[in-house]
1. Out of everything in region 17-43 that is part of a helix (DSSP H, G or I) and touching a residue at least 40 places away in the same chain (Cβ under 8 Å), what residue ends up being farthest from residue 75 (Cα to Cα)?
2. Given 1, 55, which one is closer than 12 Å to residue 119 by Cβ, touching a strand residue (DSSP E or B) at 6+ places or on another chain (Cβ under 9 Å) and in a loop (DSSP other than H, G, I, E, B)?
3. Out of the residues in region 17-41 that are of a type in the set (Asp, Glu) and loosely packed, with under 15 Cβ neighbours inside 10 Å, state the one that is modelled with the highest pLDDT.
4. Just to be sure before I move on: is residue 97 assigned to a loop (DSSP other than H, G, I, E, B), modelled with pLDDT under 95 and either β-branched (Val, Ile, Thr) or surrounded by 15 or more Cβ atoms within 10 Å (Cβ to Cβ) (or both) in the structure I sent?
5. Within region 1-15, count every residue that is free of Cβ contacts under 8 Å to residues at least 12 places away in the same chain and surrounded by 15 or more Cβ atoms within 10 Å (Cβ to Cβ).
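The values are calculated or read from the model by the stated rules, or taken from the named source; none is laboratory data. Source: prediction; values computed, not measured. Here the Cβ positions follow ideal geometry from the backbone for every residue, glycine too, while neighbour counts run over all protein chains shown.
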Amino acid sequence: MAKVLVVDDDPDFVEISRMVLESKGHVVSTAADGDQALERLRADKPDIILLDIMMATVLDGLNVSRVIREDPNLKDIPLVMVTSIANTPHAELFPTDESLSVDGWISKPVNPAELLKTVERLT
């Protein structure tokens, strides 16, 4: 059983992820944007973070991932990017020339089995 922080501004995605993860005994907390995510991370450190890229700003999740990786207390938490950015007009904004320190990627729409497999593999 893992403590999972789901960070996404889409309430439907958050609720579906919560249902899928809780059905296997995981404990889920949520955040709707990057600032809320950092607040929750520092208050109650999760075992894994599922982080959307496009939230308050197009690259909000990317910016949060950088802050997480630079924070000595948070940098070791497995981080999985969950995104549909490749299927949007914003795809060209995503930096492809920089090394992103993430432990996995999941594309939306998310397959529940893939979500569970990823969480279980990284926790």
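1. Filtering region 17-43 for residues part of a helix (DSSP H, G or I) gives 17-22, 34-43.
Narrowing the set further to residues that are touching a residue at least 40 places away in the same chain (Cβ under 8 Å) leaves 17, 20-21.
Values: 17: 23, 20: 26, 21: 23 Å.
In this case the residue turns out to be 20.
2. Values: 55 fails: closer than 12 Å to residue 119 by Cβ.
When all the criteria are applied, what remains is 1.
3. Residues of region 17-41 of a type in the set (Asp, Glu): 22, 33, 35, 39.
Now restrict to residues that are loosely packed, with under 15 Cβ neighbours inside 10 Å: 22, 35, 39.
Working: 22: 98, 35: 90, 39: 95.
This residue is 22.
4. Details: assigned to a loop (DSSP other than H, G, I, E, B): yes; modelled with pLDDT under 95: yes; either β-branched (Val, Ile, Thr) or surrounded by 15 or more Cβ atoms within 10 Å (Cβ to Cβ) (or both): no.
Here the answer is no, as residue 97 does not meet what is asked.
5. The total comes to 0.
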